[in-house]
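Below is one structure, written out as structure tokens, with a few remarks after it.
The values are calculated or read from the model by the stated rules, or taken from the named source; none is laboratory data. All values derive from a computational prediction rather than experimental measurement. Cβ placement follows ideal geometry from the backbone for every residue including glycine, while neighbour counts extend to all protein chains displayed. For accessibility, only protein heavy atoms count, side chains too; no ligands or nucleic acids. Shrake-Rupley method; radii C 1.70, N 1.55, O 1.52, S 1.80 Å.
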Amino acid sequence: MFSNYLIGLREGLEASLVVCILVAYLVKTGHKGRLPALWAGVGIACALSLGFGAVLTWGTHELTFKAQELIGGSLSIISVGLVTWMVFWMKRTARHLKAELHGKLDAALAMGTGALVATAFLAVGREGIETSLFVWGSVRAAGDGNAPLTGALLGIASAVVLGWLFYRGALKINLAKFFTWTGGMLVVVAAGVLAYGVHDLQEADFVGGLQDKAFDISATIPPDSWYGTLLKGTFNFQPDPTVLQVTVWALYLVPALALFLAPVGFGRRSVGAKGQKSSHEQAEAVGGHDGGTDGAGVDGERVHDGAGRGNPGTDGVQG
């Protein structure tokens with residue numbers, strides 16, 4: 001349940017921040033009357049994401065067991081690829097996200113209402129599709145009744161509340177650290193989903209090695225025990241994985257986590273004055289010098305209060 005709560009929180013918060021940026025920019029630039037079109041695009045994106053999740057959940061029930069496992073394993077692996085791309089993309093481009101969205105909004109406003117709806121739909125829909133696919137894969141891997149889905153929904157609900165608090169200026173958070181910690185944990189969760197996807201492909205006879213167990217500690221950690229359930233729900237732990245599962249898990253987790261946690265600018269040598277900060281320190285410092293002008297954007301370290309107290313010329317969120 002925790003891993004799915006984390007997925008819902010992380011992905012939902014990204015979508016919430018995107019909506020905050022879009023809404024704030026329309027209000028700030030005097031286009032408050034165009035908000036219904038924006039919300040229409042957001043609503044369509046949410047409906048599409050829910051529909052996609054429903055198709056994944058109930059659309060394969062009439063298939064044979066091997067067909068279900070083949071589709072499930074393939075989609076689980078695809079979801080791992082998407083979430084991995086997402087966490088690395090956010091780490092690399094988060095600081096420029098607000099400027100990018102503002103540019104797209106300016107172009108959409110010039111083109112008309114339909115373009116504005118499409119811009120909001122595309123901005124939020126990508127997050128929604130990724131969330132649906134990854135939550136579906138994680139829920140299948142956890143296999144613990146309704147608890148994983150409940151965790152994901154609670155995470156999304158928490159993200160919506162946090163997004164609203166950001167917009168109203170009632171909450172500040174160091175987004176760089178938040179996305180680093182949650183991104184690292186998502187990489188760990190993704191490794192478990194990947195291993196489970198490989199196991200599905202083995203059960204479908206698409207990949208061999210189903211009987212080649214790396215180890216079996218079912219007697220020590222029974223799958224139906226409270227701690228076995230906790231490990232499975234949190235890390236997609238399996239007490240009797242195959243050799244291929246363990247191999248794939250390690251080959252993904254170790255390099256992906258190392259690259260993700262490496263400081264920004266890792267491996268680059270810079271020539272400058274004595275006492276120049278390391279690239280990691282520079283990354284931590286970006287956004288701090290002009291933090292008072294940041295609104296609900298993601299281009300700095302924090303989401304700052306711009307609602308009701310920033311001056312009209314700042315880049316804050318006007319409530």
Cross-link pairs Lys32/Lys172; Lys91/Lys213; Lys66/Lys232; Lys28/Lys104; Lys32/Lys91 - those with Cα-Cα distance over 27 Å: Lys91/Lys213; Lys32/Lys91
Relative packing of 71-81, 247-257, which averages over residues the other C-beta atoms within 10 Å, highest first: 71-81, 247-257
5 angstrom amide H check on Thr242, placed H, neighbours 5+ away: Ala214
Charge dipole magnitude, Cβ of K and R +1, D and E -1 - the stretch 70-136, Cα centre, debye nearest 20: 220 debye
Per residue accessible area of the stretch 152-249, 1.4 Å probe, in Å²: 49 Å²
Cα shape, the stretch 82-131, gyration tensor, a/c 1.5 rule: oblate
Rounded if a/c under 1.5, otherwise prolate or oblate - the stretch 32-137, Cα gyration tensor axes: oblate
Per-residue HN-Hα couplings for the stretch 22-38 [Karplus 6.51, -1.76, 1.60; θ = phi - 60°; Hz; x = Gly/Pro]: 5, 5, 4, 5, 4, 5, 5, 8, x, 10, 4, x, 8, 4, x, 5, 4
Order by protection proxy (mean Cβ within 10 Å, highest first), peptides 96-106, 156-166, 12-22: 12-22, 156-166, 96-106
Accessible surface of the stretch 1-59 [probe 1.4 Å, protein heavy atoms]: carbon and sulfur percent: 77 percent
Highest-first arrangement of 118-125, 187-194, 84-91, 27-34, where packing means the average Cβ count within 10 Å: 187-194, 118-125, 84-91, 27-34
